1. Using Cα-Cα distances under 8 Å and only pairs 6 or more residues apart, what relative contact order does the stretch 2-205 have, in percent?
2. Mind giving me the FRET efficiency for residue 139 and residue 186? R0 is 30 Å, r the Cβ-Cβ distance, nearest 0.05 is fine.
3. Express in nm, to one decimal, how much length is gained between residue 174 and residue 195 on full extension, taking 0.36 nm for each residue of separation and deducting their alpha carbon distance.
4. Considering just Cα atoms, how many Å³ per residue does the convex hull of the stretch 50-106 enclose?
5. Going 7 Å from the Cα of residue 61 along its beta-carbon direction, which residues of the stretch 80-123 have the amide nitrogen within less than 20 Å of the resulting point?
6. Report the normalised scattering of the stretch 2-205 as log10 I(q)/I(0) at q = 0.11, 0.12 Å⁻¹, calculated by the Debye formula with identical scatterers on the alpha carbons.
7. Could you calculate the FRET efficiency of residue 69 with residue 40 from 1/(1 + (r/R0)^6), where r is the beta carbon distance between them and R0 is 45 Å, rounded to 0.05?
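Derivation of every value follows stated rules applied to the coordinates shown; laboratory data play no part. Only a predicted model underlies this, so the values are computations on that prediction, with no experimental measurement involved. Cβ: placed from backbone, ideal geometry, glycine included. Neighbour counts: every protein chain shown.
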């Protein structure tokens, strides 16, 4: 059944690199993750609204209790660009840190970023994302720093967060996620800095 659900969603949606998500600094608890979002700009110059689409497949390999490596394959359909990525996930109690290394095969540019999640309680937490710290040979050029506070229901059915993005494309950001099952989720995001909204399907599995 999950296979047919996934195929149906793939036919409708495609994936995009997301930042300042819910628990953005934390790797998934499963080995595999499929991200299938559609991002649409709600305000653009000349009245043209951009739609960004690119499927993303992620595989996690634990190394120690506090370190895991994740290999990510991303293809941007609009730009026809394939981007392999290697992410390093660290966990220290309630603190989770994710170091991202991305390479765009079309532009031949390497970029790095950081994300962190701190779980204050089982239901309340904070997230930080710092995207594009380096882009090729440029450092801190159009980098984006985001902070959000999050809340998750005790029954783990839904999560919400809200915060602010500063530096490049500053503005209010918020996410809402609904857990259909333990591995299938729907998420929506509004990003006033990027002037876009995103709908995403997430599938975690071993």
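1. RCO, the stretch 2-205: 18 percent.
2. Computed FRET efficiency for residue 139 and residue 186: 0.25.
3. Contour length minus the Cα-Cα distance gives 6.3 nm.
4. Here the figure is 86 Å³ per residue.
5. Counting only backbone N, you get 83-91, 98-103.
6. Rounded to two decimals, the profile gives -0.49, -0.60.
7. My answer for the efficiency is 0.90.
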